[in-house]
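The values are calculated or read from the model by the stated rules, or taken from the named source; none is laboratory data. Bear in mind that the values here come from a model prediction, so they are computed numbers and not experimental data. Here the Cβ positions follow ideal geometry from the backbone for every residue, glycine too, while neighbour counts run over all protein chains shown.
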Amino acid sequence: MYKIKLDQFEGPLDLLLFFIKRDELNIYDIPISRITSEFLEYVNLIKLMDLEVAGDFILMASTLMHIKVRMLLPREVDEKGDEIDPRADLIKALLEYKKYKEVAEDLTFLESNQRKLNFRGYFSADEKIAPPEYDILLKNISVYDLAKAFKKAIDGVKPQVVHEIKKINISIDDQIRYILDRILEKGEIHFLSLVHGMKEKIRIVITFIALLELTKIEKIGIRESPEFNDFVIYGIANG
Amino acid sequence: MDKSYSSIIEVLIFSSDEPISESEIIRAIKGIDGEDIEISSENISDTVDLLNKSYEDSSRSFRIKKIANGFVFVTSEIFAKYVGYLSSEKSKRRLSQAALETLAIIAYKQPVTKPELEQIRGVNSDYILTTLLEKNLITITGRAESIGRPLLYGTTTEFLKYFGLYNLSYLPKPREIEEIMKDEDFIEQKNKIMMNFVEESLEKEISEDKNDDPAE
Amino acid sequence: MDKSYSSIIEVLIFSSDEPISESEIIRAIKGIDGEDIEISSENISDTVDLLNKSYEDSSRSFRIKKIANGFVFVTSEIFAKYVGYLSSEKSKRRLSQAALETLAIIAYKQPVTKPELEQIRGVNSDYILTTLLEKNLITITGRAESIGRPLLYGTTTEFLKYFGLYNLSYLPKPREIEEIMKDEDFIEQKNKIMMNFVEESLEKEISEDKNDDPAE
């Protein structure tokens, strides 16, 4: 028996196709008894390994044994009087599966090619004049949108596996200065890019509080962004 | 610096999803072609100038611009209204997440009152209800018997058409969705699926419009 | 068509973060400059050809390509490794064999139900369907009329984008069954798989290099 890795097969049909190819069998004349016993050896291994797919393999094993028995009996005939090969359905299934397996190979190529191509990455700096009458649906950002963007930023922080206790020196005043500096520099800024790169949740929380503070004293304004879960912060001249 | 690095610098700026600095560009080039490649920050800004010169000569509608944290491609401001049209079209095309959520709750719980709806969503839903009513995706179906006899909302035939549903029973059942999803991201996933429905049916609508109207 | 529309067509494609169709381009131009502007789909594809010619002449590192029912700027593949070095997005994993098989079946037989799909694959496909839905490569398109009215699945625009297809008719054609049998393609297939392994491990190496880099 060849050593083969069990998890390299996508299912029982895939394993059968492997046997057929490896032993150069004629798919229209599969030696059922030989292939059944070989298949059963693998099924036993799969059962031992307690793989999730075991059920599908066992089902195929019973189909094979059923075919094997029918091969020994006198052939049934169809309405035209022709003998019915007990293997016919299996052959059909194998060919159908093989057809899509090949397409999957082609898709792998397309995938490889497409992965080598890159799209344009950054659009935010494009100069836009939006005709105002088109902003019907999201004219004003609600507290809800704000909260959602906040939650998204928080959820975006990946949980650290190692728990280090470290003191983070950060205050609301610091973050107010940070926000004002960023706005001074760029005129306006997206919330997500404001908190981009912040590794600690507390830093985002404090930035957010600073943002609310600045909104309250009307130093900055907030409006919706074309992206959901984000919003744009802009400076107010006389703020 | 080898002249061929011009294209590489162009590609890196083009495909970076953040403004990209000179040092990052150098890091990528040295990372791939070896640390001994001689390339300086100055080479990069010179190359960018040459690229911009070449865009200008061939009347390209974009330039490379240096903003605070690095280089980015920007479209020329003389086209700002076209770029703006596109982005507003896009936001018009997409029902907001909130509207979608509201629509989903109404679709599954109908007939439903505003207080019930707001209890589920946790926020005031006046604006979205108005918008959905305007878009004829929902309608007032009657009045509840409860105190204050609040209005009841339900979906319309337009809603079914919009989502390509034969009738309401064709909506995926929450249980079915849950079976497919089997995880805690179920709600988010459901929203995504709904989004696709919206976008696709809109696209379909657009292409049907196109087919119906040969003048377009 | 006025010659100046070349720049506008370029800017519309350049500033759109999704492939943009001919009809969307026409709509934007008419939306801004008036319905009486004369511009046809043909004008647009001709203009795109001219633009690409001009990019080629000035050795630009990107071209306009037809993907997912529209036009989009993409970079030339020869620079992929430089971009990949910087972007973690690109080192994301490929689809598994099971996922590709499932997609192949859905793409050809759509709309297709889970039972039909599982019959062809011979294995339970819950997990794969969930993954593909999450990746937005497939979506639920409706319900079959058959017993139990199971949900129907189909591919998305994202699917086209992922494989770089203009539309579904550009899918690789499955071979006829007789053809499959005539051809001893076993070795060829193995080679193909090996090729992918090589590429995969190269990519992995690059991204590991990147992580090792203390400068990062």
Log entry, pairs with first residue in the stretch C:17-42 being charged (D, E, K, R), second being part of a loop (DSSP other than H, G, I, E, B) and surrounded by 17 or more Cβ atoms within 10 Å (Cβ to Cβ), beta carbons closer than 6 Å, six or more apart or on different chains, reads C:D17/A:F123
Which of the residues that make up the stretch A:1-17 are of a type in the set (A, V, I, L, M, F, W, C) and modelled with pLDDT of 90 or more? A:L13, A:L15, A:L16, A:L17
If I go through the stretch B:2-31 residue by residue, how many of them are farther than 30 Å from A:L192 by Cα and away from chain A (no Cβ under 14 Å)? 6
For C:A107, state whether it is in contact (Cβ under 8 Å) with a residue 12 or more places away in the chain, under 22 Å from the mean Cα position of the chain (by Cα) and assigned by TED's automatic domain parsing to the domain that holds C:L171. yes
Flag if A:I222 is among the aliphatic types (A, V, I, L, M) and loosely packed, with under 13 Cβ neighbours inside 10 Å: no
Please work out if B:T102 is assigned by TED's automatic domain parsing to the domain that holds B:L12 and either of a type in the set (S, T, N, Q) or farther than 30 Å from B:I25 by Cβ (or both). no
Taking only the stretch C:115-130 into account, find how many residues are farther than 17 Å from A:K98 by Cα and facing another protein chain (nearest Cβ under 9 Å). 5
Which one is nearest to the other protein chains (Cβ to nearest Cβ) among residues in the stretch B:55-69 that are touching a Ser or Thr at 6+ places or on another chain (Cβ under 6 Å) and not hydrophobic (A, V, I, L, M, F, W, C)? B:S61
If I filter the stretch A:88-95 for residues that are exposed (fewer than 13 other Cβ atoms within 10 Å of the Cβ) and at pLDDT below 85, do I get at least one hit? no
Quick check: anything in the stretch A:196-209 surrounded by fewer than 13 Cβ atoms within 10 Å (Cβ to Cβ), modelled with pLDDT under 80 and not in a loop (DSSP other than H, G, I, E, B)? yes
Show the residue pairs that are 6+ apart or on different chains and have beta-carbon atoms under 6 Å apart, the first residue being within the stretch A:83-97 and within 14 Å of another protein chain (Cβ to nearest Cβ) and among the polar types (S, T, N, Q), the second being exposed (fewer than 15 other Cβ atoms within 10 Å of the Cβ) and assigned to a loop (DSSP other than H, G, I, E, B). none
Given the options A:L59, A:L64, name the one that is at pLDDT below 90 and within 14 Å of chain C (Cβ to nearest Cβ). A:L59
Per the filter on the stretch B:48-68, residues farther than 16 Å from C:F62 by Cβ, at pLDDT below 95 and not charged (D, E, K, R) are B:S59, B:I67, B:A68
Residue check: is C:E118 at pLDDT 90 or above, within 19 Å of the chain's Cα centre (by Cα) and under 15 Å from A:L13 (Cβ atoms)? no
Residue satisfying condition, being β-branched (V, I, T) and under 19 Å from B:F14 (Cα atoms), within set C:I44, C:I39, C:I78: C:I78
What number of residues in the stretch B:131-146 are of a type in the set (A, V, I, L, M, F, W, C) and within 14 Å of chain A (Cβ to nearest Cβ)? 3
